[in-house]
Structures are given as C-alpha cells and as structure tokens.
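J.: The structure's right below; bear with me while I get my questions together.
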4 protein chains.
Amino acid sequence: MALNRETTQSIRVARRGGKIALEEAVGSPLFAAHQCYPPRPVIKGLQGLPFSPEFFADIESRLDDVNLRLESMDRCGIQYAILSLTSPGIEGVSDTATAIRFAKETNDAIHEKYVATHPSRFGFFACVAMHDPEEAAKELERAVTKLGAKGVLINGFTNLDDRDEKLRYLDAPECEPFWAMLHRLQVSLYLHPRLPPTHQQVLYGQYPNLVSASYGFGVECAGHALRIMCSGILDKYPVNIILGHCAEALPFLIHRADQRMLIGTPGSNGKHTKTLMHYFQNHFYATLAGIRRHSTLKNTIEELGESRVMFSVDYPYESNEDAADWFDSLEINENSRAVISHQNAIRLFGLDSEQNK
Amino acid sequence: MALNRETTQSIRVARRGGKIALEEAVGSPLFAAHQCYPPRPVIKGLQGLPFSPEFFADIESRLDDVNLRLESMDRCGIQYAILSLTSPGIEGVSDTATAIRFAKETNDAIHEKYVATHPSRFGFFACVAMHDPEEAAKELERAVTKLGAKGVLINGFTNLDDRDEKLRYLDAPECEPFWAMLHRLQVSLYLHPRLPPTHQQVLYGQYPNLVSASYGFGVECAGHALRIMCSGILDKYPVNIILGHCAEALPFLIHRADQRMLIGTPGSNGKHTKTLMHYFQNHFYATLAGIRRHSTLKNTIEELGESRVMFSVDYPYESNEDAADWFDSLEINENSRAVISHQNAIRLFGLDSEQNK
Amino acid sequence: MALNRETTQSIRVARRGGKIALEEAVGSPLFAAHQCYPPRPVIKGLQGLPFSPEFFADIESRLDDVNLRLESMDRCGIQYAILSLTSPGIEGVSDTATAIRFAKETNDAIHEKYVATHPSRFGFFACVAMHDPEEAAKELERAVTKLGAKGVLINGFTNLDDRDEKLRYLDAPECEPFWAMLHRLQVSLYLHPRLPPTHQQVLYGQYPNLVSASYGFGVECAGHALRIMCSGILDKYPVNIILGHCAEALPFLIHRADQRMLIGTPGSNGKHTKTLMHYFQNHFYATLAGIRRHSTLKNTIEELGESRVMFSVDYPYESNEDAADWFDSLEINENSRAVISHQNAIRLFGLDSEQNK
Amino acid sequence: MALNRETTQSIRVARRGGKIALEEAVGSPLFAAHQCYPPRPVIKGLQGLPFSPEFFADIESRLDDVNLRLESMDRCGIQYAILSLTSPGIEGVSDTATAIRFAKETNDAIHEKYVATHPSRFGFFACVAMHDPEEAAKELERAVTKLGAKGVLINGFTNLDDRDEKLRYLDAPECEPFWAMLHRLQVSLYLHPRLPPTHQQVLYGQYPNLVSASYGFGVECAGHALRIMCSGILDKYPVNIILGHCAEALPFLIHRADQRMLIGTPGSNGKHTKTLMHYFQNHFYATLAGIRRHSTLKNTIEELGESRVMFSVDYPYESNEDAADWFDSLEINENSRAVISHQNAIRLFGLDSEQNK
C-alpha cells in the first residue's frame, strides 16, 4: 500500500452504534416548558432566555417531534435515550396542587408517547412535584413501578411562590420522604441545571448569556449538589445521583472544597460525616451531556473512575450529530469507549437486552 | 544493593529550592483586613467568616509576621514571594477618599516592611482604589515605577456603598483608565477571589462554609474573569491576568461556555471579538494557590500550556509546608517542575538573578 | 482546626488492604531457578546475571520462604497472591522428558506448599513444558482441574537444545494444542519476560545490566507478544494474555506498529486478521509488576481501559513495600484504585469471597 | 444561530501554518539509500525490506523530488524542514575511505540542492563517517561552520565490515572526538533508527515486518540511546540528542530501567554518574516523527516536559498530510501546540526570522 498523500483537511469518524443517552429533553403536553414560573401553562414558547430566535425555533420544532428525534438518533448511533421533561419543568410550577397534577399527567403522557410506543428506543425519568415531598415520593413510586421509569430528574430548586423568593433545594429536611423512596426503589436521581434564581443573576452583569448555560447553569447545579452532600442525607439514604456536563466542574474543584471544609467552625459544614470527595466518588455519576472536550472528560474519569462516566447529549439543546462525531472520533481505547458509551448505563439502569440491541 | 523490605508508610519528599510564590497575603497597617466593608478600620480581627477560631488565630499571628513567614519559606524551598494585601482589602473600603488614601499608604508600608528590607525574598503587587479608576491608574503607576511593584492585585468587586448594593466589577466601562495603565506599564493583574456579595450567598443554603473558599470564592472569581473576557477590554488592552486555584475551574468548563455563547442573541454576550478560550489561552495565567491535586493541575496545563501555570501557596491561608511537600513530591518531570516552580514567574515578572538565587 | 505548619518532608500513605498480586515468583524444589539452561538441576544459586550479591542473597532468602512472604504481604495490604515458578523455569530445561517431569512435580509442590496450606492467601499459575505442546496442554488441564491453577505462566521462549540455538516461541504452529487447551479451560496465560537469548544481547554492548530487567527483558517479552498477535492464533483461540510491567511499553508504541504494518508486503505481517491494537485491547491485560510511575500507568489505562490493568509486584524481585507505598499513595480516585487493586483480578480469575476477604 | 443537525461523519481540521519538521529524509546522489551495506553504490532501489512495491515506488519518487516535497509541505502548513540523508546512509557504507568521501560530497549536494536554493524552507543535518571519528568530527565542523548544518544525524550503528559483524555504536570510546566536536560546536545529534543487525532479527520470527519500523527499529534505537547514557559520555560532553517516534518508548519505560539499574553489580551499568532519567530529561528531545497518537504524545510530554517535544513527520516514509491533519486537529491548547509545532525548534536550532515566516 502506498501512503496517503492527499488531504481534505478533515478526520473521518468511524461511527459506533449502541450509544445510550441520558439527558434528553421532551416537552409536556400541559404547558410550555420554559420560563414557566409563575405558572403560565398557556404561554407558548421559550421567551426570556437570551437565546437567538433561530436556536429557539429549532428547539421548539424538535422538543416534541418523535420522528426527527429518532432519525437523528439513527444517524448518530444512539440506540436508546432516557427522556425527561425539559427544565424548569414541574419545579417551575409554583402552585402545589397544579404541580402535583401536571407531574402525574406528564409522566403518563411521556410514557405513552415514547416508551410504550418505542420500547427499544426510549425510557424516561419521571418528574415529580417537590413542593410536596410526600406526593413526590408517591408519584415516583407509581412512575417506577407502574410506568417503568428509570429514575427521576429534578431541575434544581423548586419554586414555592410566584416571585422566586421561596425556593426549595433538595437538602431541605422536608425532602426526606423523597430520598427515602429513591432509596427504597433503588433508582437514581438526575440532578439537572436550571437558570439561577433572579438574585443570583447579578453575578453575570451585562452578559445575560453568561447566566444561562454558558456558566450560570453549571454553578447553580454544582452548588446544589454540594448542598446535598453537606446535608448528610446520603449517609441515611445512599442513592446514586447523576450530573450532566461532566459533573459541572466538581471533578476539578471538589478536592479543594474538601480542604477548605477543614477550616470551618462546627456546624458551618452541615451534618455530613464523610468527605465531599467520598460522596462524589461513591454516589455520583457524570454524563457527557453538553461536553465535547477531551481534557474535561479525562479530568472527570480521573476523579470518578471509568465506571461512573456516561455518554449523553442534551438533545435538542445540543446537537446529537456534533456530540456523536466528537465522541466516536475521540482518541481513546475501545474498551473505555464502550464502557462510557453504553455499558455503564446498561448496568446502572438494568437495561435488558431488548432495550439495547 | 538489596531491595528495601521495610515501610514507614510514607513517601519521602526531595525538597526542591528556588520556588516562587505569587498569592501570598499580608495585612495593612491601616485596618484589619477581613469583613472591612462598611469600612471598619478600627475593628480588629477576622470575624464573620465561618472559619474556626484556631484557624483565625493562626492566620492573625502570621499575616504580618516577617520572621515566621521567612522561616516557613526557608523550610519549604520558597525563595521569593510576591506579596499582596489580603482580601477584601481596599476593595472593601466603601468610602472613596479613604480607599485612595489607604491604598497609597498600604503600598508604601508593604514596600518598606518587606521589599526594601528583604529585596531578595519579597516583591509585591500593589493595591489600588477602583472606586476611582483614574486614581487607581495613578497609584498603579506610582507603585510600579517608584516602588517596583510587580503588578496589581484586585480582590474581585469593589464596594461603592456600605450596603453591598453598588458593586463595581472590572468589566465596568468606568474602569478603562485602569486597564490602559496596566497596558502602558506592561504589568500583570492578579484577580483574587472575594467572599460573594450577600445576595449571592443564598445559593449555599444552610452551609456558610460553602460560601467561602470551599466553593463560593471560586465561582465569584471565575464569573468575574468571564465578565472581563466578555467586555472586550482585552481586545483593546491585551494585558495578562493571573488567577489562583488553577484558574478557578475555567480550564474545565471554558470550552463549554464558548459552545453555549454561540446560541446567544446579539448583544447577550458582550463586545468581545474572539472566543473565551482565546482570551483564556492568550491573556491568563493560573497559579497553584490552594490546589494540591494532580488531576486539577493537569487539566490546567492541558488548557493553558505549561508556560502559563505557576506555583503559589496563598500563605497564610494555606500551608506552605503542605503545598511544598505536595508539589515537590509530584510525579512530574523535572523540566516541567522547574518551569512551574519558578521559570515562568521569572520570565513574566522579569525577576533578575538577585531575586532568585 | 489550625493549618499544619510543619513538615517532615514526607507524604503519609494511607494503607489500603485487599490487594491482589499476580506476578509473584517462587522456586522449584527440583532445581535452582536461574541460569538453568542447559539443565543444571543441582546447581545452586543465581549466578550469571549482573545483579549484585546483596540483591541475590536477599532474593534467595525470600523466594521460598512462606513466612517472610506472608509477613510482607500483611504489611503491604496484599490479601492474595497468584504464585508462579520463577523465570526461566521449565522453559530453560532443554531436555524434554526432564521438563515434562519437572513441570508436573513443581505444580504439585507449589500447590501443596502454598495453595493447600493457605488457600485464602495463595493461588498459582501452572508451569508446563512447551517442549511438547501436547504434554503442556495435558499438564495445564490437570493443574487447572485437579489443583485449581488460575491459569499458566510461560517465561518467554523455550530452549529446545543446550546452546540457545533452537528456541520455541508461542507463535510456533506446534504450540496450537496448548492454545486450544487454554481456550477450552477458559483460563489466562501470563507471558513473563526472560533474559534475551545470547545472540540478542549484543544490542546492549558493554552494559550487561541493560540486557536484564533494565531494558532487554521488556523488549524480549513485548516482541514475543507481537509475534503471538501476528500469528493469528488469537483469531482461532480468543484467550486472555497477561503482561507485566504495564504491558512492556506496548501501550506506548502499538499504535505506531499498526501504522507500519500497513506498508508490509503480503505475508510479511503474519496471518492475523485484525489490527494489533484490536488484539491488544481485546485479549491482553497489563499488570503493574515492576512499575512505579504514574505516567506509565496512565498511558496503560488510556490504551487498555481501566478494566484491563491490575496491581502486581514481582516479589521478591521487587519490593512489596515500595510497590504498596507507591500504589496506595497514588493520586487517583478510589473507584479506579479498587478496580486495579483487586476488582479486575476477582472478575478475571473468578476469585470467590473466601480467597479475597 | 441554530445548532448543526447534520453530519458528514468527519471532523474538520483547522490547518495551522508555521510548522517545522525535523526527521525528513532525502537521498544521496552517490548511492541508493537502502540496504547499502555492503556498499553497493550502484544498486538502485530499496530492496530487502519487507515493504510493499507500491510503498517503495512512492518513496522513490519522492525522496529526491524538491517540488513534490514543497507542494506537500505547503498543503500541510510545514514552513521549514531540516533534511537528512535517509537511513542507513553513510553508516551502512562499510569501507572507511568511501564513507568519508560520500559523507562530504553528500553534505555538499544536500546543501546545494535544498538549503542554498530554498533557504527559507530547508535546513539540514550533516552526515558523517563514524568509521573514523576524527574525520567525522572534522566533517561535522565543516558542515556546520561552512554549510550551516543545524547539527548531525546518525543512523544508529556504523558497519565496519561487510558482514554485519563489526558494528560501532556511539558509546564506543573511539567516538569521543565526535562528541567533543558536537559539544564545541553546540549543535545537536539526531539519533535515527536503523534496521537491527542480522543477529537481532531472530527475535521477530516469521514476521519480517516486525523487524522494521513496526517494532525493531524503535527497539534498536532506544537501546542505542540507553548505551549512550550508560557510557557516561554525556557527563563529559553535555550535548543534546534528538530521538524520533516520541523517543522510542523511553518515556514509558525509562523509570523502570533506572529502578533496575540499582540492582546491578559494580561495573555492569557503565560509567555514568546520574540516573538515566536525568540524562533523558536534560539531554534529550523527542519528535513526533511517525507518531499519531495523543496518549503517546502525552506520555512523552509528561516525562520530558513541553519544552522538549517537537513536531516532525519522517517524510516521505510517513505522510505529511496524515501527520498534519492529526496534529492540527489534536485537542490541545494553542500555546502548547505552538511550542511543539515550531517554537521549541526555533529556540533549539537558533532559526532566525527569515527561516520561519
């Protein structure tokens, strides 16, 4: 064979199949997803975020279109997706009774539209109303045992009033029934980012896009995860929590957080009994949703181990095509690629052969 | 030689000399450093932060003790330290005239106490009053040209009133004279973290220590750096900015921030003309202050290159001894160790042979 | 808590238990291990290698001393070791009938002395006489099914005459019965280095120590592994092969070998049907025997994946104490450490709970 | 901007200019390059190596074609190449007088054809006849001072007879005048691989391609480099040595070689006074010639530091196009890319602005 002496200035991607994606958004039939607090179930659209109209139009056309989604998954070697209600979802519906009703009806709708119709392609994470943790636990149980939900996804804090002033994070003592049910059912929680509350947004100054996915979403979500660790709830209910975006920079900084915890006064660190790193390495999984950078992936693997990192996209907010081209061309060994692509997800979610072939 | 068959369960550290440290705090003779806004120059101590009394007592005893500092530096192979006024410093003095006066007198005092007395061991970063950027520029010029300051250190936002409601970040258009002077003098800015403003602290819930160095400091500082990038000021004045703590997780997440910038509406991203990664790789340096984790160091080197990462400690808030033992025992090649330990700092600050022997 | 302000210039090691070691040498009761070709069963000692008398004396005192071994394992958190006859072992006994007899009797002796007596601490890899591959297969079957051998260890080439001129490598077609039996029994082959044959030693010039473990052993063993890949035997019998010393630099160079294979004339590459990398990633495991360098470990993980790298020492030729101190203090996450320390070995060798508690 | 929703299953390469390549082969007007020992200056072609006819034909058409070379360099963003006589070159001409004459005339010819004609695109490494080290030193001096050679390239051992039985490696005491001149001129030695001598080839069994670049070349060259380190010559003449192929796996294994050196008897290790790692990190540079694998590059950077790793191709034996596409699309920061691409070479070879613009 003679050597290649030409260039198209491109690197060919060998497409790999069988990928499983875990942070994949759908809408609710009951309300437009975005900016829904105060509850505005009739408002159509995604106004308010500093995203371009072209971006929004594309998202809207894809959020609830099963065929576009399946075609894209097929192009990208994504065999199976675990779907969830897009952020802020139920958490942004500040009226408790409405939230409870919407969660239940949304779970039924997602199950019917996606999972029952395409069982070999779709699973789902339930949504629940953390406004009433007892009800959230009940709906979680129903969704898992009756509808086959693979776990639950929570979009950060829950609005308890219309003005963004009463927020419930998952470290609140009131949430314990929810954690107890997670543990009893042995299913995982996906903790998803959400636009930081109004009073946090000042940090980002004149640059509204910094508030959103560019930086603020990640900060909000990582802070939430740290609160959960600090609360000690994982000592009582040792469940698994999944974070997107390679765990929102926690792999990079959690070691330092632990060091600084040592200088706190008694009580300033919460009730947890172990290091933050311990909780991170024993109770957290990271997905690649939104990440296309090898150094970031490596740092994540180095702090969590290969067994706790999983492929994902965040469709339709991210491009399946870009994500798959990047992942399939990553210069890593094929054993690790398979572990991250699907083997970890198969093990964690107990996916049977039907769902992943 | 027979093999070793014993163990003391420890790894011996081969101490290396010649290290240069860059985020090393001293007090001001004019006021107690911490929690000084509203200006409370007579208040003694470091109350308010959720740090343990033992930690505080140790810090207080060391912040202004030259001999303890030098003894520790000697033990740790730190030849030279560039000192700076501890956070929040001048930035927390909300009265403009007072701030201007304190900055000038503090620079003189630090120069006299440390630099003039021990020129082969200490340099300093000036403090300036960003309350009045013209005055800040003037004092910067004086400090650099008359006192030999190696640059300037800013502790995040500047309080412009007593109630934490008017904050000035360095992306404010008013700050341009300061940037222009930095550029004219060709010196670097060290952007240091500061306790997030009150309205940000809600993020950290019931865990006050999370607000402080454990997580909140880094988020505040990285957000500030991103604002500077977004402002476009680096297009006009291409200066160098130094960040501690391995650049506050920016190496991990800046690639994603760039991706998400692409979906913003016109104007939502600021006036910058290049990618955030471009500014990061061309205008930022990272120090190891506060970091003792190889994976974090590696991620930082992978995104900035070996030529933009520098040793540091954050003494007395961090332990020289722990930092030096970790750094000197790091399993890296000796060429890279020397580059990070001191060669980059010698080049960046034009340190002559006297100062580093 | 106040910060630490002292240094003993050492990093404390937190000893981890439960480690499993896989390249651990013992002697044969029938002959002195070293320099045994031509067969010199009565020769005592380890003459001929350029090792210091102190080193040799220590090795001799430890090779067959169960108590010294167990004490060292206990000190080092090594729960379980799979033992094997030290190099060159049976492979260096050039008379076929003698080799067959010695293999059988040595397996019985190792089993009785170690495994039967300390079943929770020791397993073993059988030795076999590749001089007669049919006999080798038979003895392998006996050792696995009757004595519970965990697989087989081969010390490189086999001497078929007394003058180092007829050498049998495992890619020889004659070896097929051995591979067939490996496959039938579903056990692994540990391919161990051996002093390169005389005519190779010229490469190392005036420096006899370069021939030995310093460089020559690794080259010889990696070359042998490449021959096995090229032979195509793994297409027919897809078994697992374990290499020590982080797979003898194959992780670093096998990608290049594959590239260069493409320019060969038909037939110059052997009968294999897939890339060398394919065989490497699907049929090889690497152990840490003899390696104490993080960058080498990382390269190995990057090419094989975390699931194919396993702790080991090479006792008594290496120090359990040095290996354990290094491994236990490695700055890696605890999930990966457990996988490498013992979880992979438990899975690969089907170790039950009794053997690893 | 809407997200990309299409895929061509390829990753676009952003071509970077300014690259410098250092292991780039040309022929001699006096003899065909390959298989030239015993000296067969009239033999045309590259017979004997197990390379395919298509590969050979392509090499022959390119080895001496300036225009094809420049066109390819232009396509690939390679601004400047330091050329050298292809292996085995002068080293394979066993007659001393002939070798001396050929070296001189070849240097003149390469200088005239490439360097004098295209000074902004080409430099060269001299060839010399190590058969007579005094003459080699003289010719090196002439080539550097009169012809502007950037250093010297040696293709491994030198044949001193026709039958491959008397070989001279650079650790031979006779070579001292050559080392002294290298040191006096302050130029670098590129140590290039060569087909292992006949008696080594048995290692590779039935697979002749394993002997060649697939594995044997690298082993031979790394062994040669270790001999040089062991000889102690670098203690006396601390010069720089460049190795291709990411330093032939030395980054991966040299730490272990050092460990094993400690068990040698006095005299078995050579006369060197420092660790092998010390020589490696202080006197060696690695090039990317022949390497297209990120993990291998990383391991090399981790052991040598970013300042001692340099781009190269090994044209025409490797493809400029493949090398440039790989290197330009490597997911590394742009600072490190520039350092490796050309900045290190500019510094090491004192390339002035004319040669690299």
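The values are calculated or read from the model by the stated rules, or taken from the named source; none is laboratory data. What you see is a predicted model, and the numbers here were worked out from it, not measured in a lab. Glycine gets a Cβ as well: all are built from the backbone with ideal geometry, and neighbour counts include every protein chain shown.
J.: Tell me which residues, restricted to region B:148-179, are of a type in the set (Asp, Glu) and within 14 Å of chain A (Cβ to nearest Cβ).
T.: B:164, B:165, B:171, B:174 - these are the residues of region B:148-179 that are of a type in the set (Asp, Glu) and within 14 Å of chain A (Cβ to nearest Cβ).
J.: So residue A:267 passes all but one of these: (1) surrounded by fewer than 20 Cβ atoms within 10 Å (Cβ to Cβ); (2) within 13 Å of chain C (Cβ to nearest Cβ); (3) within 24 Å of residue A:232 (Cα to Cα). Which condition number does it fail?
T.: (2)
J.: Next question. Answer yes or no: is there a residue in region C:130-137 that is in a loop (DSSP other than H, G, I, E, B), under 24 Å from residue C:319 (Cα atoms) and in contact with a strand residue (DSSP E or B) (Cβ under 8 Å, 6 or more places away or on another chain).
T.: Looking through region C:130-137, none of the residues is in a loop (DSSP other than H, G, I, E, B), under 24 Å from residue C:319 (Cα atoms) and in contact with a strand residue (DSSP E or B) (Cβ under 8 Å, 6 or more places away or on another chain).
J.: On to the next question. Only one of these conditions is not met by residue B:165: (1) touching a residue at least 12 places away in the same chain (Cβ under 8 Å); (2) of a type in the set (Asp, Glu); (3) out of contact with any Cys (no Cβ under 9 Å at 6 or more places or on another chain). Which number is it?
T.: Just one mismatch for residue B:165, condition (1).
J.: Checking residue A:323 against (1) crowded, with 23+ Cβ neighbours inside 10 Å; (2) within 14 Å of chain C (Cβ to nearest Cβ); (3) not hydroxyl-bearing (Ser, Thr, Tyr), which single condition isn't satisfied?
T.: (2)
J.: A further question follows. What pairs can you find where one residue is in region C:59-71 and touching a residue at least 60 places away in the same chain (Cβ under 8 Å), the other is assigned to a helix (DSSP H, G or I) and surrounded by fewer than 18 Cβ atoms within 10 Å (Cβ to Cβ), and their Cβ atoms are less than 6 Å apart, with a gap of 6+ or different chains?
T.: So the pair list comes out as C:62/C:68.
J.: Scan region D:184-234 residue by residue and report those that are more than 7 Å from every other protein chain (Cβ to nearest Cβ), under 21 Å from residue D:245 (Cα atoms) and in a loop (DSSP other than H, G, I, E, B).
T.: Those that are more than 7 Å from every other protein chain (Cβ to nearest Cβ), under 21 Å from residue D:245 (Cα atoms) and in a loop (DSSP other than H, G, I, E, B): D:187, D:192, D:193, D:194, D:195, D:196, D:197.
J.: Which residue out of D:171, D:161 is among the charged types (D, E, K, R), within 30 Å of residue C:166 (Cβ to Cβ) and not in a helix (DSSP H, G or I)?
T.: Step by step, each of D:171, D:161 is checked, and only D:161 is among the charged types (D, E, K, R), within 30 Å of residue C:166 (Cβ to Cβ) and not in a helix (DSSP H, G or I).
J.: Name the residue that is surrounded by the fewest Cβ atoms within 10 Å (Cβ to Cβ), counting only residues in region A:235-264 that are more than 8 Å from chain B (Cβ to nearest Cβ) and among the small types (Gly, Ala, Ser).
T.: Looking at the filtered set, the residue picked out is A:244.
J.: Looking at D:160, D:191, D:195, which is the one that is surrounded by fewer than 22 Cβ atoms within 10 Å (Cβ to Cβ) and touching a residue at least 40 places away in the same chain (Cβ under 8 Å)?
T.: On inspection, the qualifying residue turns out to be D:160.
J.: Now for a different question. For region B:39-92, name all the residues that are modelled with pLDDT of 95 or more, surrounded by fewer than 22 Cβ atoms within 10 Å (Cβ to Cβ) and away from every other protein chain (no Cβ under 13 Å).
T.: B:66, B:67, B:70, B:79
J.: In region C:196-233, what residues are of a type in the set (A, V, I, L, M), under 19 Å from the mean Cα position of the chain (by Cα) and over 16 Å from residue D:222 (Cα atoms)?
T.: Correct list: C:225, C:226, C:228, C:229.
J.: Further, regarding this structure: Criterion first (at pLDDT 95 or above, within 26 Å of residue C:61 (Cα to Cα) and surrounded by fewer than 24 Cβ atoms within 10 Å (Cβ to Cβ)) does residue C:104 satisfy it?
T.: yes
J.: For region D:112-129, name all the residues that are in a loop (DSSP other than H, G, I, E, B) and free of Cβ contacts under 8 Å to residues at least 40 places away in the same chain.
T.: Residues satisfying the conditions are D:116, D:129.
J.: A follow-up question, please. Scan region C:124-146 residue by residue and report those that are farther than 20 Å from residue C:88 by Cα and crowded, with 19+ Cβ neighbours inside 10 Å.
T.: The one that is farther than 20 Å from residue C:88 by Cα and crowded, with 19+ Cβ neighbours inside 10 Å: C:144.
J.: Checking the condition modelled with pLDDT of 95 or more and of a type in the set (A, V, I, L, M, F, W, C), which residue from C:167, C:185 passes?
T.: Just a single option satisfies the conditions, and that option is C:185.
J.: Taking the stated definitions as given, is residue D:109 touching a residue at least 40 places away in the same chain (Cβ under 8 Å), in a helix (DSSP H, G or I) and over 14 Å from residue D:136 (Cβ atoms)?
T.: yes
J.: While we're looking at this one, here's another question. Just give me the residues in region B:198-249 being acidic (Asp, Glu) and either touching a Cys at 6+ places or on another chain (Cβ under 9 Å) or without any contact (Cβ under 8 Å) to a residue 24 or more places away in the chain (or both), in sequence order.
T.: Of everything in region B:198-249, just one residue is acidic (Asp, Glu) and either touching a Cys at 6+ places or on another chain (Cβ under 9 Å) or without any contact (Cβ under 8 Å) to a residue 24 or more places away in the chain (or both), namely B:248.
J.: Same structure again: For region D:251-301, how many residues meet the condition of being assigned to a strand (DSSP E or B), in contact (Cβ under 8 Å) with a residue 12 or more places away in the chain and among the small types (Gly, Ala, Ser)?
T.: Count: 1.
J.: Report yes if residue C:141 is at pLDDT 95 or above and away from every other protein chain (no Cβ under 14 Å), otherwise no.
T.: Taking the combined requirement at face value, the residue satisfies it.
J.: Here's a follow-up. Which of the residues that make up region D:287-309 are within 14 Å of chain B (Cβ to nearest Cβ) and either under 14 Å from the mean Cα position of the chain (by Cα) or among the hydrophobic types (A, V, I, L, M, F, W, C) (or both)?
T.: Across region D:287-309, the qualifying residues are D:297, D:301, D:304, D:309.
J.: Would you confirm whether any residue within region A:335-356 is without any contact (Cβ under 8 Å) to a residue 12 or more places away in the chain, within 11 Å of chain C (Cβ to nearest Cβ) and either among the β-branched types (Val, Ile, Thr) or in contact with a helix residue (DSSP H, G or I) (Cβ under 7 Å, 6 or more places away or on another chain) (or both)?
T.: yes
J.: How many of the residues making up region B:235-250 are outside any loop (DSSP other than H, G, I, E, B) and under 19 Å from the mean Cα position of the chain (by Cα)?
T.: Looking only at that region, the number is 8.
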